[in-house]
Amino acid sequence: MLLRRTFSRSLMLVAALPLAAIAAVMPHAKLKSSLPGAGSTVAAPKELRLTFSEKIELKIAKVTLLRGTEEVAALGDIAADAQAPETVIIPVTKSLAAGSYTVKYRVAGPDGHPMGGSYVFSVK
């Protein structure tokens, strides 16, 4: 009985390994850099630039700007940078007051797998 249970568990583990390996190598859009940068203090920006590890599906992308826990309605439509399609540009439509802001994003690459995150910057 113990041998059968051990064999069954080993078989399940061997069957799961290829799936884990495929998931590990599948590309997903990850944030590589941003302007303003995470942790930076800047003059009120006119736009946000988020550069990902791959091109983003714009129809799925969502970027919000928070001050404290409140969403700031100060962002225009997301667009891809013509020279670098993995970079998205979000216009800041209102001048931002001094303080700390959180950029939250949820995007997907060509594989459609959603990825999200956030970072903080400050306006002087």
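The values are calculated or read from the model by the stated rules, or taken from the named source; none is laboratory data. Worth saying up front: this structure is predicted, and the values here are computed from it rather than measured. No Cβ is skipped: glycine too gets one built from the backbone with ideal geometry, and neighbour counts run over all protein chains shown.
Considering the stretch 59-124, the qualifying strands (runs of 3 or more DSSP E), each wholly inside and each with 3 or more residues that are more than 14 Å from P45 (Cβ to Cβ) and in contact (Cβ under 8 Å) with a residue 60 or more places away in the chain, run over 99-108. The residues of the stretch 58-94 that are loosely packed, with under 15 Cβ neighbours inside 10 Å and acidic (D, E), listed by number, are E70, E71, D77, D81. Residues of the stretch 30-58 that are hydroxyl-bearing (S, T, Y), in a strand (DSSP E or B), in contact (Cβ under 8 Å) with a residue 24 or more places away in the chain and over 20 Å from G99 (Cβ atoms): T51 alone.
Candidates in the stretch 14-48 are the residues that are within 16 Å of the chain's Cα centre (by Cα) and charged (D, E, K, R); of these, the one that is modelled with the highest pLDDT is K32.
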